[in-house]
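Visitor: Below you will find the structure I want to go over with you.
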There are 2 protein chains.
Amino acid sequence: MKLIIEKNILMEGLNAVSRALSTRNIIPVLNCIKFDLQNNGLYLTATDNDITIQYYIDKKDIKSIEETGCSIIYGKTLLEVIRKLPETDILIENFENNEVSFKTNNSIYNFNCYMVEDYPNISLEEGKNPISISSNKFKEIINKTTFACSLQESNPVLTGVNVKIQGDLFECIATDSYRISKINLKLDEMYIENINIVIPAKNINEFAKIINSDSKMEIHVFSNKVIFKLDNIIFQSSLLNGNYPQLENIFPNEFEYKIKVNLKDFYNTLDRASLLTGSSKKYIIDAEIKDNYLKLKASSAEMGKVEEKISIENLTNNNIYISFSSKYVLESLKMFSSEDIYILLNSGVKPFVLKEVDNDNFIQLVFPIQTN
Amino acid sequence: MKLIIEKNILMEGLNAVSRALSTRNIIPVLNCIKFDLQNNGLYLTATDNDITIQYYIDKKDIKSIEETGCSIIYGKTLLEVIRKLPETDILIENFENNEVSFKTNNSIYNFNCYMVEDYPNISLEEGKNPISISSNKFKEIINKTTFACSLQESNPVLTGVNVKIQGDLFECIATDSYRISKINLKLDEMYIENINIVIPAKNINEFAKIINSDSKMEIHVFSNKVIFKLDNIIFQSSLLNGNYPQLENIFPNEFEYKIKVNLKDFYNTLDRASLLTGSSKKYIIDAEIKDNYLKLKASSAEMGKVEEKISIENLTNNNIYISFSSKYVLESLKMFSSEDIYILLNSGVKPFVLKEVDNDNFIQLVFPIQTN
């Protein structure tokens, strides 16, 4: 392998694949980045055996390709060295003693390499009927659902997001059994095959971090993995096995209570009041909707107590008491961006719904806490 | 105690005293802030028994003082509640059941209080001959020395900075026995009494963080403590016992080798090269001054090796080899702000000096590493 490449172009590729890089993997070669220089360009690959990222730098973006070849380089140090180099051309060359050198005007870095044969052979072939979607929309869907996934490995399937495609309807849902976040999107095309997969939240979150421009991306679904293709990046993730719970019927269609509240007001007040929910980790808030006010109360035996009130529009003119965990409601509210939101309830013991005033495609449901 | 005060004015005081606030002190009352409302204003105090901070809010900055009195309030929660309140007037009132309430238009926070009698009685009296100094200068002196203090409790006196005053000469020195940082300042006045104290670095750093404007401050020295007075803040710290080492004679007066190098170039190159010093935690860099270049080499059996070179002005035209820890040199370089710096040496086995081109009052000395 011998090539000359600009630092910034190489760095962009290294940054993208670094999200699949293990740093303390007990299999040393998984701490590495694979450089594979072919006649048409340079392929950078990193994998932790759960996610794999490949970044392709076309030959037109490489100053010169003098000899094709392959090197497996310890990723963390390489990334830091290249990041700290000034903007410059780098001559990269590997040698028979299994060293690879990165040379600029004033510096030579020689890295000991791992054996190419030891690097896992990962197939990144394409599927037959990829789904086409806007990358920014997909990023938004990921961000607005994964936060609701479970962190507990006791029910592994809940640590992932459930992605379903039926015709041109794309639905993404996540829950940790205390709250649910659900978002729908209409795709530009109809797809014949129904899709119903569960993608690990931590993997799909890594992919979301790579998305930084709006372009069309492709989703290729396989029986045991999913591949996202975006510009010159291929991102592969494993899937979670197991049946994802049917959550559709939990969302009520009608509500006896409906209030409209300013999002910022509600968030700030709830955030403040929850400081006095004590150290129980349950963050219990007692709420009362009364006339045109929402009152929030919290207390802790050791610290003290609080009462807050917020103006609301009480659209059904009914009064109700309900208790909930401020943690879940605050996390939900963070996902909204409209000025006002609706809070929709049926009783003090049934789950309630939060949604933006003008958006029926993004719905959050929170289970109340029984305090008696 | 009963008063009305603007949120922002109270917050500024709480922020200042919070730096002395313990959060997990086993003595619960040390996790508290003392509110002491007198006819002339409100005194806020926090202490961890090692440092004490008192902040005074004059009656002219208080909307109304209705009843003097005292309350001891758990600090962490109070700070978060007040920080999260909107800009508003707060009515603060304590009750006979040992609760104190913070009331605004839409909210009431009631905090359980601690007993006033349990709060330590700390005397913050003034000394006889305070030293007057610019707070910004003092902050600079703190920042440019404390980083060189030892973190090891094995030699406690080295965990502090040595502050000496003789006549109008103010000198501050810090070392962890691997490097020394020394800064001098000429005071506006002569002081008759010589001062030689050691202030714990972690304490004086907390004080430096409070300084955010340039004004005159006072240093009051006692046998076992020091008090800093700045605007409406009194900051008290314990002193370290023990004899601080005499370091003056370690600084050479003459040098056989003198080079001038661009600060940014040197920092960036050394920072990059030190990535290949391996995992030994010694960060050994082999340097060679040869003609008009400084060459830096590092290697690690596992990772590989590096060679970097930087243009210099070789003012003595001598060539020399020296090995040092990049960690200490990088930390020193961070403290400089001039475009170029001098590196001054006598041999490869003697300590070398780093200083800014136009500043003889701030000198850093680093011990080399013997590699053979």
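Visitor: For a quick check: with amide H placed at 1.01 Å from N, whose amide H comes under 5 Å from A:PHE222's, ignoring anything fewer than 5 positions away on the same chain?
Guide: Residues meeting the amide H criterion: A:ILE227.
Visitor: Say the dipole of the protein assembly as shown comes from +1 at the beta carbon of Lys and Arg and -1 at that of Asp and Glu; which of B:LEU294, B:GLN152, B:GLY13 then lies farthest toward its positive end?
Guide: Value: B:GLN152.
Visitor: What's the center-to-center distance, using Cα atoms, between region B:83-127 and region A:139-170 in Å?
Guide: The distance from the Cα centre of region B:83-127 to that of region A:139-170 comes to 45 Å.
Visitor: Which residues' amide hydrogens lie under 5 Å from the amide hydrogen of B:ASN318, considering only partners 5 or more residues apart or on another chain, with H built in the peptide plane?
Guide: B:LYS258
Visitor: Scattering from the C-alpha atoms of region A:43-106 alone, worked out with Debye: what is log10 I(q)/I(0) at q = 0.12 1/Å?
Guide: These q points yield log10 I(q)/I(0) values of -0.37.
Visitor: Dipole magnitude of chain A about its Cα centre, charges +1 at Lys/Arg Cβ and -1 at Asp/Glu Cβ only, in debye to the nearest 20?
Guide: Computed about the Cα centre, the dipole is about 980 debye.
Visitor: For region A:1-58 and region B:312-371, compute the distance between their C-alpha centroids and round to whole Å.
Guide: 38
Visitor: Under the rule of -39500 (n - 2.57) per DSSP H run of 4 or more residues, summed and divided by the residues of chain A, what mean residue ellipticity at 222 nm is obtained, to the nearest 500 deg cm²/dmol?
Guide: Computed mean residue ellipticity for chain A: -5000 deg cm²/dmol.
Visitor: Another question about this same structure. How high is the FRET efficiency between A:ASN346 and A:ILE195 when r is their beta carbon distance and R₀ equals 30 Å, given to the nearest 0.05?
Guide: With R0 = 30 Å, the Cβ-Cβ based efficiency is 0.40.
Visitor: Among residues other than B:SER323 whose Cβ falls under 14 Å from its Cβ, what is the net charge (Lys/Arg +1, Asp/Glu -1)?
Guide: +3
Visitor: Where in region B:210-259 are there chymotrypsin sites (Phe, Trp or Tyr not before Pro) that are in a DSSP coil and have at most 14 other Cβ atoms within 10 angstrom of their Cβ?
Guide: Qualifying residues, ordered by number: B:PHE222.
Visitor: I've got another one for you. Given a 1.4 Å probe and no ligands, DNA or RNA in the count, how much accessible surface is buried by B and A, both sides, to the nearest 100 Å²?
Guide: Using a 1.4 Å probe on protein heavy atoms, the buried area is about 2600 Å².
Visitor: Measuring from label point to label point, each 7 Å out along Cα→Cβ, what is the A:LYS63 to A:GLU153 span in nm?
Guide: 4.7
Visitor: What are the ³J(HN,Hα) values, in whole Hz, obtained from phi via the Karplus relation 6.51 cos²θ - 1.76 cosθ + 1.60 with θ = phi - 60°, for each residue of region A:96-101 in sequence order, with x given for Gly and Pro?
Guide: 5, 7, 6, 10, 10, 10
Visitor: If you don't mind, there's one more thing I want to ask. Could you pull out the pairs from A:LYS282/A:LYS334; B:LYS264/B:LYS290; B:LYS258/B:LYS290; B:LYS260/B:LYS350; B:LYS186/B:LYS264 whose alpha carbons sit more than 23 Å apart here?
Guide: With Cα atoms farther than 23 Å apart: B:LYS186/B:LYS264.
Visitor: Still on this structure, I have one more. Divide the volume of the convex hull of the Cα atoms of region B:146-254 by its number of residues and quote the answer in cubic angstrom per residue.
Guide: Given the Cα convex hull of region B:146-254, per-residue volume reads 125 Å³.
Visitor: If you don't mind, another one. Every other copy gets compared here: list the nm distances from the B:LYS260 label point (7 Å along Cα to Cβ) to its counterparts, shortest first, one decimal.
Guide: 7.1
Visitor: Write out the trypsin sites (Lys or Arg not before Pro) in region B:301-342 meeting two conditions: DSSP loop, and at most 16 other Cβ atoms within 10 Å of their Cβ.
Guide: Passing both the DSSP loop test and the Cβ count: B:LYS334.
Visitor: In nm, what does the list of distances from B:SER338 to its counterparts in the other copies look like, shortest first, when each label sits 7 Å along Cα to Cβ?
Guide: 6.3
Visitor: What's the longest piece of chain B with no exposed GluC sites (Glu not before Pro), counting a site as exposed if DSSP puts it in a loop and it has at most 13 other beta carbons within 10 Å?
Guide: Here the longest run is B:154-253.
Visitor: Express the accessible area of chain B per residue in Å², computed with a 1.4 Å probe while the remaining protein chains stay in the model.
Guide: Value for chain B: 48 Å² per residue.
Visitor: Using +1 on the beta carbon of Lys and Arg, -1 on that of Asp and Glu, and nothing else charged, what's the dipole of region A:257-372 about the Cα centre, debye to 20?
Guide: With only Lys, Arg, Asp and Glu charged at Cβ, the dipole is about 380 debye.
Visitor: Moving on. Out of the total accessible area of region B:158-265 (probe 1.4 Å, heavy atoms of protein only), what percent is carbon and sulfur?
Guide: Ligands and nucleic acids excluded, carbon and sulfur reach 45 percent.
Visitor: What length, rounded to one decimal in nm, is gained on full extension from B:LYS290 through to B:ASN98, with 0.36 nm per residue of separation minus their alpha-carbon distance?
Guide: Full extension from B:LYS290 to B:ASN98 adds 61.7 nm.
Visitor: Whose Cβ in chain B comes nearest the axis that rotates B onto A, and by how many Å?
Guide: B:ARG24, 15
Visitor: From the label point of A:ASN40, set 7 Å along Cα to the beta carbon, how far off in nm is each other copy's matching point, shortest first?
Guide: 8.3
Visitor: What's the Cα-based Rg to Rh of the protein assembly as shown, Rh via Kirkwood?
Guide: 1.03
The values are calculated or read from the model by the stated rules, or taken from the named source; none is laboratory data. Computed from a prediction, not measured in an experiment: that's the story for all the values here. For neighbour counting, all protein chains shown are included, and Cβ atoms are generated from backbone atoms with ideal geometry for every residue, glycine included. Each accessible area value is taken on the protein alone, full model and side chains, heavy atoms only, with ligands, DNA and RNA left out. Shrake-Rupley method; radii C 1.70, N 1.55, O 1.52, S 1.80 Å.
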